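Below is one structure, written out as structure tokens; comments come after it.
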Amino acid sequence: MSYTRIINCPLKFSLNVLLLLVLAGGPGLKALAKPYSCAVAKGGQVDSSVNSNFNTLSSQASNLAAEDRAKLENGEVIIGLREIDGIKYVSGRIMINASPDKVWPVMVNPFEFQKKISPRMSNVDVLVDKEAESILKVTLDVPFPLPKVTYIVKSNYEKDKSVKFRRIGGLIKDFRGTWEMLPACNGTKTDLIYCMYIDPGFPVPQFIVREGVKMELPSTLIGLRNRVVSLTNTNNLPVKHTILAALNNSRQVIH
């Protein structure tokens, strides 16, 4: 099926294809009902220690309106847009009931996402593995009759703080973004911000791509939160394989 024919399909199907290319997120993930409230610092800001050298997508990343702060503490995902250098990124924000050092090894490990947090991520090949950098070849399952989608992504890591990633090869024309962790509640919880931009490489208006990502991005964040909470509050074990940037468990092995 050609990209032109995909564009001529109903809008809903077009959106689903775009989302598969980017998120590989599974449908049906539900938010945990328990609230994540805590005392915030004066001025309504969450305690944070973001490295000043990190080019955060918002100079006010730790600031939220009172209404949005209440939603975040109640377990909701906050979705928005941020424009950087003329590019509009979709952003998602969630509170996780675990400290950044507990969130980091799950968030950074691609094998935690493979068939778990992102059920359609069918395979991950590690091409470069360093403590501060990785290059991964990712394969996504998509519905018949479309072929599997493969792309190569380079990520740079600042441990327990942030990840920058961008596409350097594969089918998707452009795919970039960041993960940023802000310590909250005196470091006992994590305020997690995920920002991304996608250009699938065929003529779909960007506003359609962004709206589609807005609909599906919460599933990825909620899936990540559920996985972190399950590892923190139960006897579940992390996946056996990981990468150097995420390694902090002696029972895990490098891919």
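The values are calculated or read from the model by the stated rules, or taken from the named source; none is laboratory data. Note that the structure is a prediction, hence the values are computed from the model and not measured. Glycine gets a Cβ as well: all are built from the backbone with ideal geometry, and neighbour counts include every protein chain shown.
Kindly evaluate residue 93 against the criterion of being in contact with a Phe, Trp or Tyr (Cβ under 6 Å, 6 or more places away or on another chain), in contact (Cβ under 8 Å) with a residue 12 or more places away in the chain and either basic (Lys, Arg) or not in a loop (DSSP other than H, G, I, E, B) (or both).
So residue 93 does not fit the description; no.
Return the pairs, sorted by first residue and then second, in which the second residue is of a type in the set (S, T, N, Q) and surrounded by 23 or more Cβ atoms within 10 Å (Cβ to Cβ), the first residue lies in the range 99-119 and is within 14 Å of residue 140 (Cβ to Cβ) and in contact (Cβ under 8 Å) with a residue 40 or more places away in the chain, the beta carbons are less than 7 Å apart, and the residues are 6+ apart or on different chains.
117/220; 118/220
Across the range 114-137, which residue is surrounded by the most Cβ atoms within 10 Å (Cβ to Cβ) among those that are in a strand (DSSP E or B) and in contact with a Gly (Cβ under 8 Å, 6 or more places away or on another chain)?
Initially, the range 114-137 is screened for residues in a strand (DSSP E or B), giving 114, 118, 121-129, 133-137.
Restricting the remaining residues to those that are in contact with a Gly (Cβ under 8 Å, 6 or more places away or on another chain) gives 118, 137.
Numbers: 118: 21, 137: 15.
Looking at residues that are in a strand (DSSP E or B) and in contact with a Gly (Cβ under 8 Å, 6 or more places away or on another chain), I get 118.
Name the strands (runs of 3 or more DSSP E) wholly within the range 154-203 that hold at least 3 residues that are closer than 13 Å to residue 99 by Cα?
So the answer is 174-184, 189-199.
Within the bounds of the range 156-173, is there any residue that is of a type in the set (A, V, I, L, M) and at pLDDT below 95? Before the answer, list the steps.
Here is the first cut: in the range 156-173, the residues of a type in the set (A, V, I, L, M) are 163, 168, 171-172.
Checking the rest, the ones that are also at pLDDT below 95 come to 171-172.
Yes; the residues of the range 156-173 include at least one that is of a type in the set (A, V, I, L, M) and at pLDDT below 95.
Counting only residues that are out of contact with any Ser or Thr (no Cβ under 6 Å at 6 or more places or on another chain) and closer than 17 Å to residue 113 by Cβ, which one in the range 138-152 is surrounded by the most Cβ atoms within 10 Å (Cβ to Cβ)?
138
Could you grab me the full set of residues in the range 69-87 that are loosely packed, with under 14 Cβ neighbours inside 10 Å and in contact with a helix residue (DSSP H, G or I) (Cβ under 9 Å, 6 or more places away or on another chain)?
The one that is loosely packed, with under 14 Cβ neighbours inside 10 Å and in contact with a helix residue (DSSP H, G or I) (Cβ under 9 Å, 6 or more places away or on another chain): 81.
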